[in-house]
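Take a look at the structure below.
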Amino acid sequence: MAGPWSKEPGDRGPRIKIRPAAVAGTWYPGTPAGLSQEVDALVARAAPHDESLPSRALVGLIAPHAGMMYSGGVAAHAYRAAAGTKPDVVAVVGPSHFVGFDGVAICDCAAFETPLGVVTVDERAAEAIMSASPNVRPNTAAHAREHSLEMQLPFLQRVLPGVPIVPLAIGFQTRETILDLARALVAALDGRRPLLVASTDLSHYFDAETAARLDSRVADLVTRFDDGGLLSEFERYPEHERGRYVACGGGAAIAVMRAARCLGAVEARVLKYAHSGEVSGDNEAVVGYLAAGLWKAN
């Protein structure tokens, strides 16, 4: 059966061996030493979590993807929760900011590069996800400039070194695509030890008070582990406004929550909320950030 590692009609872009870093040196430090120090310091400063959590199986995370100086402190709370866990594959799901397309794109590459080295793509898991869904296809062009997945990689490299990934960028975040991706993740990863990571920021460019009100709706639905409610909230707005009012990666969060539940997660916790104004000092047009974890029962 043909997969992402062979050319098929409709593939967009040639296969590349390694997808180079697109935002190193701008969105996060561009040197190995500087990046290691920054990530380690952010994770160390993240508040300790409930002592019962490390002994339980972590199935999913929600983490933001803005520049590290703005959202890295929030993302660190998610990755601190992952420290000490032992997944055998990490499926990283984020929105496509630059390329519009139907379905979900897997990068047709063997690895992603950051200043910390390369993160291997789990080809077996990628093949299995594509076999489970005709909507998931290789699309190298969609990944070339995309930061939503790349911003997760330095944290994964420091907290879960050596664990391979499956890089999944969602195009048009329709109900059909979101729910189909959730089904494909479950079908492909059941029986393994996966960690599912949804990469998303929350509301965009409202004043801080309005942002907090909008973002609290998402936080409440995550806390209640209500992926159906989050999908309904997403669909309250026209498609072109959902990223601004709810979350640019709302589809990623919904798909990860639904898949995590099917893989045994029973509890969700919001670990941290903040917005960009807390760093920039500009509270007139902020972006909201949330970190959350999804766990199995004891």
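Remarks
Every residue, every condition in (1) outside any strand (DSSP E or B); (2) in contact with a helix residue (DSSP H, G or I) (Cβ under 8 Å, 6 or more places away or on another chain); (3) of a type outside the set (Phe, Trp, Tyr); (4) surrounded by fewer than 17 Cβ atoms within 10 Å (Cβ to Cβ), yes or no:
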site: ILE254; (1), (2), (3), (4): yes, yes, yes, no
site: GLU278; (1), (2), (3), (4): yes, no, yes, yes
site: ASP282; (1), (2), (3), (4): yes, no, yes, yes
site: TYR289; (1), (2), (3), (4): no, yes, no, no
site: GLY293; (1), (2), (3), (4): no, yes, yes, no
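- Pairs where the first residue, in region 17-33, is within 18 Å of THR120 (Cβ to Cβ) and the second is among the β-branched types (Val, Ile, Thr) and open to solvent by 40 Å² or more (accessible area, probe 1.4 Å), C-beta under 8 Å, 6+ apart: ILE18/VAL118
- Some residue of region 238-251 being open to solvent by 60 Å² or more (accessible area, probe 1.4 Å), basic (Lys, Arg) and assigned to a strand (DSSP E or B): no
- Flag if THR120 is hydroxyl-bearing (Ser, Thr, Tyr), in contact (Cβ under 8 Å) with a residue 40 or more places away in the chain and in a loop (DSSP other than H, G, I, E, B): no
- Filter result (outside any helix (DSSP H, G or I) and touching a strand residue (DSSP E or B) at 6+ places or on another chain (Cβ under 8 Å)) within region 124-146: SER133, ASN135, VAL136, ARG137, PRO138, ASN139, ALA144, GLU146
- Tallying residues that are buried (at least 24 other Cβ atoms within 10 Å of the Cβ) and either aromatic (Phe, Trp, Tyr) or out of contact with any Pro (no Cβ under 8 Å at 6 or more places or on another chain) (or both) within region 59-79 yields 11.
- Unique residue being closer than 20 Å to CYS248 by Cβ, in a helix (DSSP H, G or I) and within 17 Å of the chain's Cα centre (by Cα) when the list is LEU196, LEU149: LEU149
- Condition broken by THR210, with the remaining ones in (1) in a helix (DSSP H, G or I); (2) open to solvent by less than 10 Å² (accessible area, probe 1.4 Å); (3) β-branched (Val, Ile, Thr) satisfied: (2)
The values are calculated or read from the model by the stated rules, or taken from the named source; none is laboratory data. For clarity, every value in this text was computed on a predicted model and none was experimentally measured. Glycine gets a Cβ as well: all are built from the backbone with ideal geometry, and neighbour counts include every protein chain shown. Ligands, DNA and RNA are stripped out before the accessible areas are found, and what is left, the full protein with its side chains, is counted by its heavy atoms. Shrake-Rupley method; radii C 1.70, N 1.55, O 1.52, S 1.80 Å.
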